[in-house]
Amino acid sequence: PGSRGLLHSEDEVALPCIHKLVAASSFSKPKVLTATSTLKFIPEELAVFCRDFRLLHFSFPGNGLAPQAFRVANAIAQAREAAAWLGDAAEGHRGWSCPDEAPPEEEEEDEEEGLSSTLLFESLWDWEKELQRLGAVGWRVSAVNERFDMAPSLPQYLWVPSGLLDHDLKRTFAHFQERRVPRLCWHHPAGGDLLRAASFHPASEPGSEDVRCLEMLLLGDRGPCVLADTAELPTLADIQLAHLRLQALCLPEPSDRDLNCLLASLVQLLGDPHARSLPGFQSLVQREWVAAGHPFPRRLGLLRRDSPREEAPVFLLFLDCTWQLLWQFPADFGFTEAFLLALHDSSFSPYFSTFRFSCQRQRGHSSTSQLPSHAYRPMGGWQEPGGPGGGPGPCPFPPVWAWGRRYSRQQQQRFRNPAGAPGPAEPLAPGTPAEPCPRGGSRLVLTLAKGSLCPQPLPWWGRPPLRPPHRVSPPESQGRPGGLLGSCHPRPGLLLPCTAGPCIRLWHRCYLRGLPQEQ
């Protein structure tokens, strides 16, 4: 069965999903269409190159439909560039609205079923529940950013050390880029904590009281601190260039807050079986990408006014990494390739709050706004909101996890992998202490660079004594009791993927959809 709800068939494409339009004729060279294009020939075929790697061909037979082909091709090209795109709506411009037709009761049940098991991290209760599941002793939920006045791009609630009061926490925001302070992402059952933050502000000169608060936030009594520098990862320009090259291969012409969310998500995907279940993975994306303020509209190229330098599909890279793990460890995941494809394709849909806005603050301000728009269907032409009778109806933007809006119950069943669904991870019992850190370890800060751990002073510390770098390798890190990675044996459920060149595969069902003969 085909998709239902927002898009009625596989031949319907949301305008932001269109990468380019090419008109072709047997008597002329193919031409890329823009809003200002003037065709000197009547197209016999229209090729729609989609950002989700679909390639759609629409043929116009010469039986009186030639003038229609000309008008349709130009109308789509003009609408694609003239429409206000996703992020414009978040700043008060006219934008996209949901189709106003009410879904059947069965679809509403499917939608509720998909949302009921996914934590959206929009309420204090969601953060408390996940913190309890992690068993993170010594951490609490802070509402210091509840009004988004401390850091507009961060969520309302943060996981911070229990001993750090909100009054002291407020002193730390000014010392980090974009005021994105360190906060807990994930707690390993063996006692390690994963934090993410922006880099230190270059003009930061903390006083003695600020230093106390910063060290309490970063170090506390948790043992050695390892800083993983994202500067060694590919830049946004590198990711975008690689994506464009991949598009060129798979769709041929017809004859900084970005990368730490990637790292934090992959660490949890490798180490936490719960993150590899369907609801756990959805909650992971919701917490580390959506609530944490990943600028989806800019990175996916859905804003007309943004420069190309801001476009880099980091989230699609994460989905590719997830598929690589799924391919290597199929029995360790509770979801399937069909689920990843659905999430990949939905990222270009303008009807979901998940990808429509850049932070939780924008979503909150726009959750009840009604944005009139037009819709174009090949058979019905241009339609006003509310159908032929007009009159837009109320339609909030649902999260992408409301799968019943686009997929039938039978299609959603193919999202789950019953043979590989991992059970929920058991949290540490309340009050279970982590392993005591070695003497002096609470002030040991190391940076991970090029596979080596080297002492790294915090900006307000003096010059540290020189020490040889500590090379990290699997036998050493896993075979030394009390080492930086904890126990002497890998914890059950830990995935150690092969990253050598021959082990990395092309996600052909995604990237070669425009070339089915190549699959």
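The values are calculated or read from the model by the stated rules, or taken from the named source; none is laboratory data. These numbers come from a predicted model, not from an experiment. As a convention, Cβ positions derive from the backbone with ideal geometry for all residues, glycine included, and neighbour counts pool all protein chains shown.
Summary of computed values
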| read-out | value |
| --- | --- |
| Options R287, R298; residue that is in a helix (DSSP H, G or I), under 14 Å from the mean Cα position of the chain (by Cα) and under 24 Å from R405 (Cα atoms) | R287 |
| E253 vs. criteria among the charged types (D, E, K, R) and modelled with pLDDT under 85 | yes |
| Entirely in the stretch 159-253, the helices (runs of 4 or more DSSP H) that have 2 or more residues that are farther than 30 Å from L512 by Cα | 166-169, 208-218 |
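This table checks each residue for (1) hydrophobic (A, V, I, L, M, F, W, C); (2) touching an Asp or Glu at 6+ places or on another chain (Cβ under 7 Å).
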| residue | (1), (2) |
| --- | --- |
| S153 | no, yes |
| L158 | yes, no |
| F173 | yes, no |
| R183 | no, no |
| W186 | yes, yes |
